[in-house]
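Everything on this sheet refers to the single structure shown next.
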Amino acid sequence: MPSSAAQRSAAHAPIGVFDSGVGGLTVLRALVAALPHEDFVYLGDTARLPYGTKSAASIRRYALQAAALLRERGVKCLVVACNTASAVALDALAAEFAPVPVLGVVEPGAAAACAATRTGRIAVVATESTVRGGAYQAAISRCRPDAEVAARACPLFVALAEEGWTDGPVVEAVIHRYLDDLFGGAGAALPDTLVLGCTHFPVLAPAIRAVLGERVSIVDSAETTAAALVGVLGGAGLRRLAAGPRGTIRLLATDSAERFARVGGTFLGHPLQVADVEVVDLQPAGPSGPGPASR
């Protein structure tokens, strides 16, 4: 059993959060709101986004490399703020990081969808890899076995979000192209809940709402992931005392601090400066496993 002094020391370590790009900042924003006294280190693998079009082997390799860098930064917990990596690599990350807790976004998002639906008919929009792997379909079925789930890959949503295009006729035209056949027409068999199964998608939520109208509940996993993290930290004795000072945020990217700062502010909810972003390298895995290095 660790001593109380060791537990206090571990509680003061930062929480690691990673995504393929800036989309996971929507999750970070919710984590900071729920845990304002914690320190966070966020890594966006912007040099290799999007993960959603990559093979499962590549996604696992990239995720393990990102996790290795965050482990070197001394994090006490890892939040995989990427639906694709959560869907494909969570088991590998949990095994690699043990005994450090690892939390993904798929299970919290599925639980939120099951709580929101009135009819059990749920649509999921995500990346190609997340849809192909069936992670949301399986997680929703575990939570609500009678649910009917339709999943749709929407890769252009990632590109729009990364470019900061969140409204306007081009954005609405893309939403119509992806969603009209899922939600168009009349009848009781249409989904009543839409899961935004990629952390890039919440910035498009107002435009999606304008297309779908008010009858559809729109769910993203950020707030439910934050609630789950509060429980994980509390259960492991790793949560900081609420009486302390506000925590800090360190932002890391694998490419272009300028672009990360320009686009990332939209996701995090406040402007970012280039000086706020540290650019790092994720080195290929060698004989002793993935090895990060910074520049």
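The values are calculated or read from the model by the stated rules, or taken from the named source; none is laboratory data. Every value quoted in this text rests on a predicted model; they were computed, and no experiment measured them. In this analysis, Cβ positions are derived from the backbone assuming ideal geometry, glycine residues included, and neighbour counts consider all displayed protein chains.
For the range 38-51, taking the residues that are more than 12 Å from residue 66 (Cα to Cα) and at pLDDT 95 or above, the one that is surrounded by the fewest Cβ atoms within 10 Å (Cβ to Cβ) is identified as 39. All conditions in (1) part of a loop (DSSP other than H, G, I, E, B); (2) in contact (Cβ under 8 Å) with a residue 60 or more places away in the chain; (3) surrounded by 13 or more Cβ atoms within 10 Å (Cβ to Cβ) hold for residue 189, with the sole exception of (3). Out of all the residues in the range 233-246, which are crowded, with 16+ Cβ neighbours inside 10 Å and closer than 22 Å to residue 104 by Cβ? Across the range 233-246, the qualifying residues are 233, 236, 238, 239. Any residue that is over 29 Å from residue 255 (Cα atoms), touching an Asp or Glu at 6+ places or on another chain (Cβ under 9 Å), part of a helix (DSSP H, G or I) and among the hydrophobic types (A, V, I, L, M, F, W, C) - is there at least one of those in the range 143-151? Yes, the conditions are met somewhere in the range 143-151.
Filtering the range 10-33 down to residues that are in a helix (DSSP H, G or I) and out of contact with any Ser or Thr (no Cβ under 9 Å at 6 or more places or on another chain), which residue is nearest to residue 79 (Cα to Cα)? Give the steps one after another, and end with the answer.
Step one: of the range 10-33, the residues in a helix (DSSP H, G or I) are 10-11, 25-33.
Among the residues that remain, those that are also out of contact with any Ser or Thr (no Cβ under 9 Å at 6 or more places or on another chain) are: 10-11, 28-29, 32-33.
Working: 10: 16, 11: 16, 28: 9, 29: 13, 32: 12, 33: 15 Å.
The residue in question is 28.
Residue count for the range 202-231, restricted to those that are surrounded by fewer than 17 Cβ atoms within 10 Å (Cβ to Cβ), of a type in the set (A, V, I, L, M, F, W, C) and over 17 Å from residue 113 (Cβ atoms): 2. In the range 262-274, the residue that is surrounded by the most Cβ atoms within 10 Å (Cβ to Cβ) out of those that are more than 19 Å from the chain's Cα centre (by Cα) and touching a residue at least 12 places away in the same chain (Cβ under 8 Å) is 272.
Here is a check on your reading of the model: is residue 87 modelled with pLDDT under 95, assigned to a helix (DSSP H, G or I) and surrounded by 24 or more Cβ atoms within 10 Å (Cβ to Cβ)? When the stated conditions are applied, residue 87 passes them. Screening 3, 20 for residues that are modelled with pLDDT under 95 and either of a type in the set (Asp, Glu) or out of contact with any Gly (no Cβ under 8 Å at 6 or more places or on another chain) (or both) leaves exactly one candidate, 3.
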